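Accompanying notes for the structure given below.
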Amino acid sequence: MKILVKSARIVDNESPYNNKVMDILVENGLIAEIAPEIKVKKADLEIKFENLHISQGWFDSSVSFGEPGFEERETLKNGLKTAAKSGFTAIALNPGNDPVTDNTGAVTYLKNKAEKQPVTLLPIGALTRKSEGRDMAELYDMQQAGAVAFGDFKKPVSNPNLLKLALQYSQNFDGLVMSFPQEDRIALQGQVNEHENSTQLGLKGIPALAEELQIIRDLYILEYTGGKLHIPTISTAKSVELIRDAKERGLDVSCSVAIHNLFFTDEMLHEFDTNAKVLPPLRTKSDIKALIAGVKDETIDMITCDHIPMDSEHKKVEFDNALFGTLGLESALGALLQLFSIKTTVKLLTSGKWRFGLGEGVIDEGLPANFSFFNPEGEYTFQKEHILSASKNSLFLGKKLKGKVHGILVGEEYLAS
């Protein structure tokens, strides 16, 4: 099968064709030729758009769907289709479903369900059985079945000895341990960032201290044990400092930040929009400034949509009773282009692959085709018609975003937006 991509600007720092407008010929899933102009007698498919840009396929390290257990929120099939149409060729899937992904059967189920989809699904296994924080799950067995990391989704490892044992044990098979940064005994039943806005609105706060104490503890344990630690979705300025210092000391730690924590502050809470109820909570302008600086100097290794579909039954309720979470896949490109340059945006959308065992997918002749297509120009208001997920709980509704995704090409399979 021959697929011809016409006049695409290549955005890939690792490619010898970076920032050049080229035609790309894909034959049988491999990049056969890259040249200023390619003429073929007959292509099975021609991909051509105005101001077309192409990059390595995008990756997200923290995505949630509903299936199994919460299919009313999102199915695996539609979730992966949403990811593809949002420009992502690979996602790491959180274990927070029902039943929890804490055994080989659950990992195999997810891999089999996604087998024929163009988007690669990388299961994250639970660190503890049923994510209850007591007994370690079958980490090695799950890795052999295809799990790429281990963590209890949005639940901290409250027992420090359990984290110690997990980091020591996982070194036997080069496993990646994830630890959600929140000390629950300080966060308690908090709903939002503890700050003047939470006081004014009468909402229970989650102090920055709850995140930072947990990170300090986890880093001390990592220094003692060795191993590989990933801290997902940090949100405070102090957290950036702590991880920057740990990296300078040579610790094998990585971290991510949710796009909405770069985009919004807790001032959003004045609208009492339950879509703004996220975990970690939206913080302050000074936190956003530090997080963006951490992204730019690569203290923060990757961004994530932290995509959590939530049905209206759990969002259209009083703020205290609403569940945490917002959509993020559909708005990812548009939000990032409002904050960063095209080059930086693509870098953020493709970073993190190395940490989760994916190859980079450089755009060069002879290599497999794994592309994301987009136009970085044009501003629009994000509306419900832009949401492809089964649930509609997007924090970005009504916000000005930028750019347009045109889809993905993985091997011989093209899925247009």
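The values are calculated or read from the model by the stated rules, or taken from the named source; none is laboratory data. Note that the coordinates shown come from a computational prediction; the quantities given were computed from them, not determined experimentally. Note that we place each Cβ from the backbone using ideal geometry, even for glycine, and neighbour counts take in every protein chain shown. Keep in mind that these areas ignore ligands, DNA and RNA; they rest on the heavy atoms of the full protein, side chains included. Shrake-Rupley method; radii C 1.70, N 1.55, O 1.52, S 1.80 Å.
Summary table below
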item	result
Candidate set from the stretch 353-382 (those that are open to solvent by 10 Å² or more (accessible area, probe 1.4 Å), in contact (Cβ under 8 Å) with a residue 24 or more places away in the chain and under 25 Å from Thr299 (Cα atoms)); member that is nearest to the chain's Cα centre (by Cα)	Lys353
Evaluation of Lys111 against (1) under 21 Å from Pro232 (Cα atoms); (2) in contact with a helix residue (DSSP H, G or I) (Cβ under 9 Å, 6 or more places away or on another chain); (3) part of a helix (DSSP H, G or I) (one fails), failing number	(1)
Tally, over the stretch 333-352, of residues that are surrounded by fewer than 20 Cβ atoms within 10 Å (Cβ to Cβ) and either within 13 Å of Thr89 (Cβ to Cβ) or small (Gly, Ala, Ser) (or both)	1
The stretch 171-205, residues that are over 23 Å from the mean Cα position of the chain (by Cα) and open to solvent by less than 60 Å² (accessible area, probe 1.4 Å)	Phe173, Ile186, Ala187, Gly190, Asn197, Ser198, Leu201, Leu203, Gly205
Residues that are surrounded by fewer than 17 Cβ atoms within 10 Å (Cβ to Cβ) and either in contact with a helix residue (DSSP H, G or I) (Cβ under 9 Å, 6 or more places away or on another chain) or under 22 Å from Phe173 (Cβ atoms) (or both), drawn from the stretch 114-129	Arg129
Number of the condition not met by Gly133 [criteria: (1) open to solvent by 50 Å² or more (accessible area, probe 1.4 Å); (2) in contact (Cβ under 8 Å) with a residue 24 or more places away in the chain; (3) not in a helix (DSSP H, G or I)]	(1)
Qualifying residue in the stretch 286-297 (condition: touching a strand residue (DSSP E or B) at 6+ places or on another chain (Cβ under 9 Å) and over 22 Å from Lys247 (Cα atoms))	no
Which listed residue, of Glu298, Glu330, is open to solvent by 10 Å² or more (accessible area, probe 1.4 Å), of a type in the set (D, E, K, R), at pLDDT 95 or above and over 29 Å from Gly175 (Cβ atoms)	Glu330
The lone exception for Ser239 - which of (1) open to solvent by 50 Å² or more (accessible area, probe 1.4 Å); (2) in contact with a Pro (Cβ under 9 Å, 6 or more places away or on another chain) it fails	(1)
Failed item, numbered, when Gly29 is tested on (1) modelled with pLDDT of 95 or more; (2) over 16 Å from Glu413 (Cβ atoms)	(2)
Test: residue in the stretch 160-175 that is over 16 Å from Gln214 (Cβ atoms) and not in a helix (DSSP H, G or I)	yes
Flag if Thr101 is open to solvent by less than 10 Å² (accessible area, probe 1.4 Å) and either farther than 18 Å from Ser389 by Cβ or in contact (Cβ under 8 Å) with a residue 12 or more places away in the chain (or both)	yes
Within the stretch 242-280, considering residues that are on the phi < 0 side of the Ramachandran plot and without any contact (Cβ under 8 Å) to a residue 12 or more places away in the chain, the one most open to solvent (accessible area, probe 1.4 Å)	Glu248
Test: Ala8 is outside any loop (DSSP other than H, G, I, E, B) and of a type outside the set (Phe, Trp, Tyr)	yes
Pro95 being touching a helix residue (DSSP H, G or I) at 6+ places or on another chain (Cβ under 8 Å) and farther than 30 Å from Ser341 by Cα	yes
